[in-house]
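The values are calculated or read from the model by the stated rules, or taken from the named source; none is laboratory data. Not measured: the values here are computed from a predicted model. Every residue, glycine among them, receives a Cβ derived from its backbone with ideal geometry; neighbour counts consider all protein chains shown. With ligands, DNA and RNA removed, areas are computed over all heavy atoms of the protein, side chains included. Shrake-Rupley method; radii C 1.70, N 1.55, O 1.52, S 1.80 Å.
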Amino acid sequence: MGCRPRLGTMIGRKTGLVTSHSRIAGLGLATPAHRIGRTESVQFAVANTGVGDYRDSKMAALYRRTGIDFRGTVLVDAEDEPGPDAESLRSRLRHPLDHSDRGPSTGDRMKWYQQFAGQLASEAAVAGLTAAAVEPEAITHLVVVTCTGFASPGVDYHLMDALGLPADVQRIQVGFMGCHGAINGLRAVQGICAANPSSVVLMVCVELCSLHYQYGPQTDRIVSGALFADGAAALVAQGDDSENWQPSISGTASYRIPGTKDDMTWHVGDHGFEMTLRATVPGIIEQHLPEVLCETLGRFNLSPKDICGWAVHPGGVRIVDAVKNGMKLNDSQVEDSLEVLRQHGNMSSPTMLFVLERFIRQQIPRPWLMLGFGPGLAVELAVIE
């Protein structure tokens, strides 16, 4: 694919580019103990959105189109596997659900966030530290990325206690930035490593999207419930004095698409966090992305055809298809993103790191491009070399 000419104000200034090298020493993943299959998800959605039998087939079709076969949730007690019907699943829920109102209050949902987020984050962090062969006492900085809960002291304090991190570890939280939050976190990691190459940074992304399941027949709520899931991922990064064979975070960039502020939103409501996800989003991405990437990758002396691994955030099949069509990619170039979506659903900020872990495990040639989209409508990217 050839790059189109720059169209004046369509591309942000070069000051939006952040470059410096920091090495990925290890990456760890964690998902809840219980995964729900598609059939269970459909039955649960029908039972809890006030939708009658006449909509059952439409609900099943919607969940089939998501491309998601399984998703993890902290809301299901995993001690006993639920049966094949919705009532059996409901009996295993950690809290009662009732579609006669808007469901649990935001305060109650935040209590569950405090109960479960730290546990899942710790599992991912232990896996990341083990993969990096780094002891917890070596960590100098901790970056936590999350958009599905608030608490202070929060996940960062839980990680310090659970992992035995030093009392003087320096902490940063990247909050409420949505699905591209991992890239915003990597930008902080880059800055830390650039300022002090001897730094050892632990970044943890944790999201409990299922806490914010919405009730009622509204289309936006039904679509969001069909897409999102729970998960965590952790990454250990070091400065330039680390081993040079490791993947390197060579730069990040950001671009806000004009006129799209209301197409994707994420607000705190009285009964959980509420998402707006308009059907226009995939078309906007497909239209704007080629120019954005051609311009931005050029600052790295790269073009789209140089990218060997496309770590596209699998916000949904239509989002992945928008990137594939806009950038003229083939099916194999987005296969890993779709496989993560199939096995785990959209876990918001950790999801791109699940794709990156597949690249590392499969030893996909570099450079790689991490590409995510979030409220605004914002495009975030990171180049891994």
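Worth a mention:
- Estimated distance in nm for a label pair at R256 and A33, the labels positioned 7 Å out from Cα along Cα-to-Cβ: 4.3 nm
- Whether the chain is rounded, prolate or oblate, judged on the alpha carbon gyration tensor where a/c under 1.5 counts as rounded: oblate
- Measuring r between the beta carbons of Q287 and Q362 and using R0 = 25 Å, the FRET efficiency lands at 0.20.
- Only Lys, Arg, Asp and Glu carry charge here, each on its Cβ (+1 for the first two, -1 for the last two); on that basis the chain has a dipole of about 1280 debye about its Cα centre.
- On a per residue basis, the chain carries 41 Å² of accessible surface, using protein heavy atoms and a 1.4 Å probe.
- Cα-only Debye scattering, segment 291-385: base-10 log of I(q)/I(0) at q = 0.11, 0.19 Å⁻¹: -0.27, -0.87
- In the assembled protein chains, C308 presents an accessible area of approximately 70 Å² (probe radius 1.4 Å).
- Highest-MSF residue in the chain out of W245, W112, W310 [GNM, Cα springs under 10 Å]: W245
- Carbon and sulfur %, accessible surface of segment 178-313 computed with the full protein complex present, 1.4 Å: 50 percent
- Contact order, relative form, for segment 309-385: 37 percent (alpha carbon pairs under 8 Å, 6 or more residues apart, mean separation divided by residue count).
- GNM top mover of L227, L289, L353 - the chain, alpha-carbon springs below 10 Å: L289
- Max mean-square fluctuation residue, GNM over the chain, Cα-Cα springs under 10 Å, options T296, T146, T130: T130
- The relative contact order of the chain, computed from alpha carbon pairs under 8 Å that lie at least 6 residues apart in sequence, is 25 percent.
- The chain: Lys pairs at Cα distance under 28 angstrom, eight or more positions apart or on different chains: 9
- The label-point distance for K305 and T130, in a model that sets each label 7 Å from Cα toward Cβ, rounds to 4.4 nm.
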